[in-house]
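Novice: One structure, as structure tokens, below. Some questions next.
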2 protein chains.
Amino acid sequence: MASLGPVTPQQMHFAEPLPLKSGAVLPAYQLHYETYGRLNADKSNAVLVCHALNASHHVAGVDAAGQRGWWDNLVGPGKPLDTERFFVIGINNPGSCFGSTGPMHENPATGRAWGADFPVVTVEDWVDAQARLVQGLGIPRLAAVLGGSLGGMQALDWALRHPKKLRHCIAVATAPNLSAQNIAFNEVARRAIVTDPDFHGGHFYAHGVVPRRGLRVARMIGHITYLAEDAMDTKFGRELKAAALSYSTQDIEFQIESYLRHQGDKFSEYFDANTYLLITRALDYFDPASAHGGDLARAFAHDPATRELQFLLVSFTTDWRFAPARSREIVKALVDNRIGVSYAEIDAPHGHDAFLLDDARYHGVLRAAFERIAAENAA
Amino acid sequence: MASLGPVTPQQMHFAEPLPLKSGAVLPAYQLHYETYGRLNADKSNAVLVCHALNASHHVAGVDAAGQRGWWDNLVGPGKPLDTERFFVIGINNPGSCFGSTGPMHENPATGRAWGADFPVVTVEDWVDAQARLVQGLGIPRLAAVLGGSLGGMQALDWALRHPKKLRHCIAVATAPNLSAQNIAFNEVARRAIVTDPDFHGGHFYAHGVVPRRGLRVARMIGHITYLAEDAMDTKFGRELKAAALSYSTQDIEFQIESYLRHQGDKFSEYFDANTYLLITRALDYFDPASAHGGDLARAFAHDPATRELQFLLVSFTTDWRFAPARSREIVKALVDNRIGVSYAEIDAPHGHDAFLLDDARYHGVLRAAFERIAAENAA
């Protein structure tokens, strides 16, 4: 299938401050975004794609650095989310490190980089920022909001708090909140970063250093939770790096160690430490049921317009980070409200990472969903 | 039930170097051990208890510091491993940090602490060191070797390489080797320690510091893997530390964070960083099937004396570190060899930690096993 080819990010500036869930305010800010395909005459074919932890607005096509978008296997001409039919928007969330206003940018109050003083942002704040950008593009109602993992939480929040601004909510490999274990892994990763002497209380930019040690450990921990245990055994097992053991506590003995260290090294080269803290906290905080006595069904019942939406939930059997049971909690809350929902539990070996991979059944489910949405548009 | 009361560790010195699996040699060394109960006249009632990652020779009773032994709920007068009937031995393994020769002791070749130069020790090396101590106590054959987790691996190794020196092998919550995921968690923990600037290449003793940051992160990671996800949700869930969220990336928001940080802090106060590296490596390396084409059944067939032993395997349903499936691999290899084996899969909520906890069904299984062993002795 053809790819989109070269794509160029755009910026939108917002002079009006963004009120945040914490009570703080994000002053004037900018968002980086990309769009693919063409907005139709009645502006009914726009699909917003929300990114997860370490991704960006660069969803599809090839950017100036030659990098393919993180969901390029899904989004493009003739692909499941077909850019011949849909106008697709990728937005980098505030607090991230790929162009939108974030901790490495200047805090207007001090003239220095925000660093650890960047206001804590939540899924709700991101969705509000996205809604402003969508409004800025002149789109009254999105055909769909689509996201995986943390992106799926954003899709759910659109449905809960801006239900009149979308028709379909598609949430893949996500959860209605983090479990204690999920929070625990995030917390260890944060401690690794925060206790790295190069973190300098989050103001490492001024010191010309990066807390790479902490970022590496954080990414290694995260990466383990993205992969299924069986898939790790299939891919790496106990395979050695060299022909024989070297009997060393610090050298690499096993291929899995080599792989993980490489992932950690790569990540520490491009990802911002303050962003990592912010984004894992946004994950921790997301819990739409909490305002409704912990009852997710009541959360979906709160705004009658939520009932008009169509939901699609997708989970993967070997995902132990956001297991299928977590998606089923969402499905049950929707069914309890008699809200239209489809649910696909994909038997895939790749754990949480499956939502980013090219799996025929998974992509088939999304292709069919977008074909139905396109048919609605044509009707 | 009565406890053993005050117990005093003993030391045994070994002038003869210990040849290690790596090809290196541990020169003259000493082992700390404790014993409980009385060795009978024909020396047939001795049970060796092997310790796991962060435990020691102090298995039962109360030591000089007022600390109760790590398996005091299991070992003592009238307890499942009844010290009125059995002579129980706890040994601290070489390389550990509770008295036996380890990285914080003097390297005779340099006159300085061993630090990172302490030779890499394996489960096999530990078992060989234990066998010398048992011989030093004048015990020709142990009634049983018992261990959980890494201790279970030692019990299995006794059965595989010293089968004439025991009658029963009791291995709880263990595995025939580590999975790629198990190794991955160990590797992240090691990287956290080794990249802590206070590690000083393992020679931190000379600098008067301790790599506490790394030890804390290592312990937090380990701790997550010891607990069952559901039990974490039951115990902590998303419970907040304070009445309301503070919206901070660095402060504690959730109780699970508070708990984990506390575990990390405690651990970093008493555990040695070099020992952590050595012990996780011993876990990584253990793989008795590897010398037999990866066929565990062949490993158990190697020494005909292994066939004469009686095995008991115990696993816990919610243990995801060493899941029941891993114990069943061992049971299958034994059954394939028609070796006597009992297996109990205990429905317990506490994950890997269950092997240390007081569970009636679990303790009932061990009590019955030791009653049979005592009856054999009496016959």
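The values are calculated or read from the model by the stated rules, or taken from the named source; none is laboratory data. Owing to the predicted nature of the structure, the values given are computational and were not obtained by experimental measurement. Every residue, glycine among them, receives a Cβ derived from its backbone with ideal geometry; neighbour counts consider all protein chains shown. In case anyone asks, the SASA skips ligands and DNA or RNA and just uses the protein heavy atoms, side chains included. Shrake-Rupley method; radii C 1.70, N 1.55, O 1.52, S 1.80 Å.
Novice: Which residues belonging to region B:281-313 lose at least 50 Å² of 1.4 Å-probe accessible area when the assembly is complete, relative to their chain isolated?
Specialist: B:ARG281, B:TYR285
Novice: Which FRET efficiency, nearest 0.05, do A:ARG298 and A:ARG372 yield, Cβ-Cβ r, R0 35 Å? Mind showing how you got there, number by number?
Specialist: On the way: r = 29 Å, r/R0 = 0.82.
E between A:ARG298 and A:ARG372, to the nearest 0.05, is 0.75.
Novice: Can you pull the mean other chain C-beta count within 10 Å for peptide B:244-253?
Specialist: Values: counts 0, 8, 2, 11, 5, 17, 10, 0, 1, 5.
If you average over the peptide's residues, the count of other-chain Cβ atoms is 6.
Novice: If you don't mind, another one. Hey, if we sort A:CYS97, A:CYS169 by accessible area with the 1.4 Å probe, largest down, what's the order? Each step should come with its number before you reach the end.
Specialist: Numbers: A:CYS97 25, A:CYS169 0 Å².
Per-residue accessible area, sorted high to low, gives A:CYS97, A:CYS169.
Novice: Can you list the HN-Hα couplings for region B:195-210, worked out from phi with the Karplus curve (6.51, -1.76, 1.60; θ = phi - 60°), rounded to whole Hz and with x for Gly and Pro?
Specialist: Once θ is set to phi - 60°, the couplings for region B:195-210 become 8, 5, x, 7, 6, 6, x, x, 10, 5, 4, 5, 9, x, 10, 9 Hz.
Novice: Heavy-atom accessible area of A:PHE14 with all protein chains present, probe 1.4 Å, nearest 10 Å²?
Specialist: A:PHE14 exposes around 20 Å² with every protein chain in place.
Novice: Using label points projected 7 Å from each Cα along Cα→Cβ, tell me how many nm separate A:SER22 and A:ALA379, to one decimal.
Specialist: Distance between the two pseudo-spin positions: 4.4 nm.
Novice: Now a separate question. Which ³J(HN,Hα) values, rounded to whole Hz and listed in residue order, are derived for region A:103-120 from phi using the Karplus coefficients 6.51, -1.76 and 1.60 in 6.51 cos²θ - 1.76 cosθ + 1.60 with θ = phi - 60°, glycine and proline given as x?
Specialist: x, 8, 8, 6, 7, x, 6, 10, x, 10, 4, 4, x, 6, 8, 4, x, 5
Novice: So, one more: Expressed as a rounded percentage, what relative contact order does region A:53-167 have, with Cα pairs under 8 Å and six or more residues apart? Intermediate results must be reported in sequence, preceding the final value.
Specialist: On the way: 128 pairs, mean separation 17.2, N = 115.
Once divided by the residue count of region A:53-167, the mean separation gives 15 percent.
Novice: Give me the residues in region B:190-223 whose solvent-accessible area, probe 1.4 Å, is reduced by at least 20 Å² once all protein chains are included instead of the chain isolated.
Specialist: SASA drop of 20 Å² or more in region B:190-223: B:ARG191, B:VAL194, B:THR195, B:PRO197, B:ARG213, B:VAL217, B:MET220, B:ILE221.
Novice: So, one more: Can you work out the accessible area per residue across the protein assembly as shown, with the rest of the protein chains kept in place, probe 1.4 Å, in square angstrom?
Specialist: Working: 27440 Å² over 758 residues.
For the protein assembly as shown, the solvent-accessible area averages 36 Å² per residue.
Novice: In addition: Put a label point 7 Å from Cα along the Cβ direction on B:GLY364, then list its distances to the equivalent points in the other copies in nm, shortest first.
Specialist: 4.8
Novice: With a ≥ b ≥ c taken as the square roots of the eigenvalues of the C-alpha gyration tensor of region B:95-209, please select rounded if a/c is under 1.5 and otherwise prolate if a/b is larger than b/c or oblate if it is not? Don't skip to the end; give the middle numbers.
Specialist: Details: a/c = 3.31, a/b = 1.50, b/c = 2.21.
In terms of gyration-tensor shape, oblate.
Novice: What percent does the relative contact order of region A:189-333 come to when contacts are Cα pairs within less than 8 Å and at least six residues apart? All intermediate terms of the calculation are to be shown ahead of the outcome.
Specialist: On the way: 133 pairs, mean separation 31.0, N = 145.
Averaging sequence separation for qualifying contacts and normalising by length gives 21 percent for region A:189-333.
Novice: With heavy atoms of protein chains only and a 1.4 Å probe, what residues of region B:5-36 have at least 20 Å² less accessible area in the full set of chains than alone?
Specialist: Correct list: B:LYS21, B:SER22.
Novice: Could you please put A:MET232, B:MET12 in sequence from largest to smallest accessible area, using a 1.4 Å probe?
Specialist: Details: A:MET232 5, B:MET12 30 Å².
The ordering from most to least exposed comes out as B:MET12, A:MET232.
Novice: Roughly how much of B:LEU133 is accessible, in Å² to the nearest 10, using a 1.4 Å probe?
Specialist: My reading of the accessible area for B:LEU133 is about 0 Å².
Novice: On a straight-distance basis, which lysines could pair with B:LYS165 in a cross-link, Cα separation under 29 angstrom, same-chain partners fewer than 8 positions away excluded?
Specialist: B:LYS21, B:LYS43, B:LYS79, B:LYS332
Novice: If the viscosity is 1.567 mPa s and the temperature 4 °C, what Stokes-Einstein diffusion coefficient in µm²/s follows for region B:316-379 when Rh is the Kirkwood radius over Cα pairs?
Specialist: 99
Novice: About the Cα centre of chain B, how large is the charge dipole given +1 on each Lys and Arg Cβ and -1 on each Asp and Glu Cβ? Please answer in debye to the nearest 20. List each step's numbers first, then the result.
Specialist: Values: 35 positive and 41 negative charges, 115 e Å.
Dipole size: approximately 560 debye.
Novice: Here's another thing I want to ask about it. Please tell me the relative contact order of chain A in percent, rounded to the nearest whole number, where contacts are Cα pairs under 8 Å and at least six residues apart. Before the final figure, lay out each step's value.
Specialist: Details: 775 pairs, mean separation 64.0, N = 379.
Reported relative contact order: 17 percent.
Novice: Ordered by packing density, taken as the mean number of other Cβ atoms within 10 Å over each peptide's residues, highest first, how do B:149-157, A:290-298, A:138-146, A:207-215 rank?
Specialist: The peptides rank, most packed first, as B:149-157, A:138-146, A:207-215, A:290-298.
Novice: Pull up all non-local amide H partners of B:LYS21: gap of 5 or more, or a different chain, and H-to-H distance under 5 Å with H placed in the peptide plane.
Specialist: Long-range HN contacts for B:LYS21: B:THR122, B:ASP125.
Novice: In the protein assembly as shown, how does Rg compare with the Kirkwood Rh, expressed as the Rg/Rh ratio over alpha carbon atoms?
Specialist: On the way: Rg = 28.7 Å, Rh = 28.0 Å.
Result: Rg/Rh = 1.02.
Novice: Related question: Considering only DSSP states other than H, G, I, E and B, which trypsin sites (Lys or Arg not before Pro) in region B:237-294 qualify as loop sites with at most 16 other Cβ atoms within 10 Å?
Specialist: Numbers: sites: B:ARG238, B:LYS241, B:ARG261, B:LYS266, B:ARG281; in loops: B:ARG238, B:LYS241.
Taking region B:237-294 and a limit of 16 other Cβ atoms within 10 Å, the loop trypsin sites (Lys or Arg not before Pro) found are B:LYS241.
Novice: Here is a follow-up. Check cross-link reach from B:LYS266 to the lysines: straight Cα distance under 24 Å, and skip same-chain residues fewer than eight apart.
Specialist: Leaving aside lysines fewer than 8 places away in the same chain, those within reach of B:LYS266 are B:LYS235, B:LYS241.
Novice: In Å² (nearest 100), what accessible area is buried between B and A, both sides summed, heavy protein atoms only, 1.4 Å probe?
Specialist: Values: alone 16150 and 16130 Å², together 27440 Å².
Buried area (both sides, nearest 100 Å²): 4800 Å².
Novice: Specify the inter-centroid distance of region A:85-123 and region B:298-329, based on alpha-carbon positions, in whole Å.
Specialist: 53
Novice: For B:PHE254, enumerate residues with amide H under 5 Å from its amide H, sequence gap 5+ or separate chain, H modeled in the peptide plane.
Specialist: B:LYS241
Novice: Ordered shortest first, which distances in nm separate the 7 Å Cα→C-beta label point of A:HIS203 from those of the other copies?
Specialist: 3.6
Novice: Could you give, in nm with one decimal, how far A:ALA28 is from each other copy of that position, shortest first, with labels 7 Å out from Cα toward Cβ?
Specialist: Those separations, rounded to one decimal, come out as 7.8 nm.
Novice: Across peptide A:103-109, what mean number of C-beta atoms from other chains lies inside 10 Å of a residue's C-beta?
Specialist: Values: counts 1, 0, 0, 0, 0, 0, 0.
Per residue, the average neighbour count from other chains is 0.
Novice: Over what distance in Å are the Cα centres of region B:41-78 and region A:1-67 separated?
Specialist: Comparing the Cα centres of region B:41-78 and region A:1-67, I get a distance of 61 Å.
Novice: Tell me the Kirkwood radius of chain A: reciprocal of the mean inverse pair distance over distinct alpha-carbon atoms, in Å. Numbers along the way, then the final one.
Specialist: On the way: mean 1/r = 0.0467 Å⁻¹.
In chain A this quantity evaluates to 21.4 Å.
Novice: Further, regarding this structure: Whenever you get a sec, compute what percent of the accessible area on chain B sits on carbon and sulfur atoms (1.4 Å probe).
Specialist: On the way: 6940 of 13730 Å².
Within chain B, the accessible surface is 51 percent carbon and sulfur.
Novice: Round to the nearest 0.05 the FRET efficiency obtained for A:THR317 and A:ASP117 when R0 = 35 Å and r is the Cβ-Cβ distance.
Specialist: 0.25
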